[in-house]
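Every number in this text was worked out from the coordinates using simple rules, so none of it is lab data. Only a predicted model underlies this, so the values are computations on that prediction, with no experimental measurement involved. All Cβ positions, glycine included, derive from the backbone under ideal geometry; neighbour counts span all protein chains shown.
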Amino acid sequence: MQYFSQGTGLTIWLLLLLAGVVGIGLMFRFTSRREWTGQALLPTILIAIALLFWAITFDFPVEQAGPALIPRLWIYCLVGICCAILFFIVRGKAGKDPKAGRVGFVLLGIGCMVAYYFAIETLGYFVSSVIFLAVMMYMLSCRKPLIIISVSVGWLLFSYVVFYKLLYIQLPLGVIENYL
């Protein structure tokens, strides 16, 4: 499997995943499940991205609880959840695709994610995560300050305890480096 973690093997793996996504999209598009094409493409694309990252983890150092452990756990959870979503879509239990919405809103969300990515280096993971969660929840119509603060601070405490203290994962600290 290490062949698919870099170079030509990774390119082949990426092309296979793209072919799979296109194939599933076409399968939904030209069957009786046409109204669910968009609903099926999102989990399919997430599975493809997860499998791409899964292949990349085979280039990580081999240890019992090494650097590949946490990404693979997230990948397995993501693939499992996406497969469950696809199962409900195929069975017709999911809602049909909604009408096209505001594309500008999607672009604003992508812009926030890009800003979050760059803010992690400057402000640190913890500060930028709290800000990002609060802004995204507000953008997604959550207007209750208590819920926004609770979720943001809850994620801050969870990630600090689990990742920083229990798993000893070095997260970028930014401006709070001197205080921890």
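Taking the Cα centre of the chain as the origin and placing charges on Cβ (Lys, Arg +1; Asp, Glu -1), which of L171, L18, L86 is farthest toward the positive end of the dipole?
L86
In the chain, if the dipole is taken from +1 on Lys/Arg beta carbons and -1 on Asp/Glu beta carbons about the Cα centre, which of F58, A40, V127 is farthest to the positive end?
Checking the options against the dipole of the chain, the answer is A40.
Multiply the residue gap between V103 and L18 by 0.36 nm, knock off their C-alpha separation, and tell me the result in nm, one decimal place.
Extra length available between V103 and L18 comes to 28.2 nm.
At a Förster distance of 30 Å, what's the computed FRET efficiency of V135 paired with F88, Cβ-Cβ distance as r, to 0.05?
Details: r = 31 Å, r/R0 = 1.02.
Result of the calculation: an efficiency of 0.45.
Would you work out the charge dipole size for the chain about its Cα centre, treating the Cβ of every Lys and Arg as +1 and the Cβ of every Asp and Glu as -1, and quote it to the nearest 20 debye? Provide the component values of the computation, followed by the final result.
Values: 12 positive and 6 negative charges, 194 e Å.
Here the chain has a charge dipole of around 940 debye.
Want the number for V161 to Y3: 0.36 nm per residue separation, take away the alpha-carbon distance, what's left?
53.3 nm
By the scheme Lys and Arg +1, Asp and Glu -1, what is the net charge of all other residues having a beta-carbon under 9 Å from that of T37?
Neighbourhood net charge equals +1.
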